[in-house]
Amino acid sequence: MDNAINIRKAQSKDSKNIACLLLSAMEDIIYDFIGESAYDKAINFLEHFIKLENNQYSYQNCWVMSIDEEIIAAINIYNGAELKKLRRPIENYLKNELNQIFDMEEETKEGEFYIDSLGVRPDKQGQGYARILLQKIIQIYSDKSPYCLGLLVEKRKAHAKKLYLSMGFKYQKDLLLAGIEMEHLQLKQRTI
């Protein structure tokens with residue numbers, strides 16, 4: 001593993017890289033949002049919102065990991081209490097621009113910082129980068145906050161679930177999101 005790893009808050013200029021990484025983590029859900037399985041349209045949709053402020057995919061809610069200034073991973077995280085407010089611009093865009101009905105379950109709530117998605121570039125997967133990024137996020141959000149960290153993992157993604165469980169996340173309940181069977185996991189606040 002390279003020693004020149006940097007983890008930082010995302011910036012608007014990172015939006016294209018972040019869009020590709022986040023789409024790899026939630027491709028089926030975004031296709032459901034936009035009403036078609038067109039990769040370019042899904043990337044454009046995500047990039048549009050990542051560039052903007054005050055929505056759930058905004059760069060304001062993202063962190064990136066880079067090696068020698070090349071972004072290799074991204075994570076999208078926000079306060080669950082703000083889900084409805086952060087979702088509103090997306091709902092409006094889908095309705096007004098894409099003529100899509102947005103009927104998504106609420107995957108988080110107050111009392112939880114929600115990890116919406118985590119993506120690692122395909123050529124860097126399996127090398128421990130997701131673990132490093134998650135450790136940093138746990139340090140920032142869980143160790144110093146009264147809130148827990150939460151996320152959904154697809155039931156069919158056993159390797160991802162194994163990573164989360166190994167880092168202290170615990171199973172809470174099953175959930176259906178956009179027709180996909182998920183498990184809700186949480187990491188409770190740790191005392192320092």
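The values are calculated or read from the model by the stated rules, or taken from the named source; none is laboratory data. Remember, predicted model here, so these are calculated numbers, not experimental data. We place every Cβ from the backbone using ideal geometry, glycine too, and count neighbours over all the protein chains shown.
Has segment 169-176 got any residue that is surrounded by 17 or more Cβ atoms within 10 Å (Cβ to Cβ), aliphatic (A, V, I, L, M) and part of a strand (DSSP E or B)? Step through it out loud before you land on a result.
Of all residues in segment 169-176, those surrounded by 17 or more Cβ atoms within 10 Å (Cβ to Cβ) come to 169.
Checking the rest, the ones that are also aliphatic (A, V, I, L, M) come to none.
No, because not a single residue in segment 169-176 is surrounded by 17 or more Cβ atoms within 10 Å (Cβ to Cβ), aliphatic (A, V, I, L, M) and part of a strand (DSSP E or B).
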Restricting segment 7-40 to residues that are surrounded by fewer than 15 Cβ atoms within 10 Å (Cβ to Cβ) and free of Cβ contacts under 8 Å to residues at least 24 places away in the same chain, the one nearest to LYS157 (Cα to Cα) turns out to be GLU27
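If a residue must be closer than 15 Å to MET167 by Cβ and free of Cβ contacts under 8 Å to residues at least 24 places away in the same chain, how many such residues does segment 121-139 contain?
Applying the first criterion (closer than 15 Å to MET167 by Cβ) to segment 121-139 yields 128-139.
Retained after the next criterion (residues that are free of Cβ contacts under 8 Å to residues at least 24 places away in the same chain): 139.
Of the residues in segment 121-139, 1 are closer than 15 Å to MET167 by Cβ and free of Cβ contacts under 8 Å to residues at least 24 places away in the same chain.
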Counting only residues that are within 15 Å of the chain's Cα centre (by Cα), of a type in the set (S, T, N, Q) and assigned to a helix (DSSP H, G or I), segment 95-134 contains a total of 0
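Matching residues to (1) surrounded by fewer than 14 Cβ atoms within 10 Å (Cβ to Cβ); (2) among the hydroxyl-bearing types (Ser, Thr, Tyr); (3) modelled with pLDDT under 95:
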residue	(1), (2), (3)
TRP63	no, no, no
LEU98	no, no, yes
THR108	no, yes, yes
TYR129	no, yes, no
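So which residues in segment 24-53 are among the hydrophobic types (A, V, I, L, M, F, W, C) and modelled with pLDDT of 95 or more, if there are any at all? Show your work before the answer.
Going through segment 24-53, the residues among the hydrophobic types (A, V, I, L, M, F, W, C) turn out to be 25-26, 29-30, 33-34, 38, 42-43, 45-46, 49-50, 52.
Hits for segment 24-53 are ALA42, ILE43, PHE45, LEU46, PHE49, ILE50, LEU52.
Counting only residues that are in contact with a Ser or Thr (Cβ under 9 Å, 6 or more places away or on another chain) and part of a loop (DSSP other than H, G, I, E, B), which one in segment 41-57 is surrounded by the most Cβ atoms within 10 Å (Cβ to Cβ)?
Here is the first cut: in segment 41-57, the residues in contact with a Ser or Thr (Cβ under 9 Å, 6 or more places away or on another chain) are 46-53, 57.
From what is left, the residues that are part of a loop (DSSP other than H, G, I, E, B) are 52-53, 57.
Values: LEU52: 16, GLU53: 11, TYR57: 29.
The extreme case among them is TYR57.
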Selection over segment 59-87 where residues are part of a helix (DSSP H, G or I), of a type in the set (A, V, I, L, M) and under 14 Å from the mean Cα position of the chain (by Cα) yields a count of 2
Taking the criterion of being among the polar types (S, T, N, Q) and either closer than 30 Å to PHE102 by Cα or not in a helix (DSSP H, G or I) (or both), would at least one residue in segment 141-150 satisfy it?
yes
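I'd like the residue in segment 141-166 that is under 23 Å from ASN61 (Cα atoms) and loosely packed, with under 15 Cβ neighbours inside 10 Å and, out of all such residues, is modelled with the highest pLDDT. Break it down into steps so the answer makes sense when it comes.
So the first thing to find is which residues in segment 141-166 are under 23 Å from ASN61 (Cα atoms), and the list is 141-154, 160-161, 163-164.
In the following step, the residues that additionally are loosely packed, with under 15 Cβ neighbours inside 10 Å were identified as 143-146.
Values: ASP143: 65, LYS144: 66, SER145: 74, PRO146: 80.
Looking at residues that are under 23 Å from ASN61 (Cα atoms) and loosely packed, with under 15 Cβ neighbours inside 10 Å, I get PRO146.
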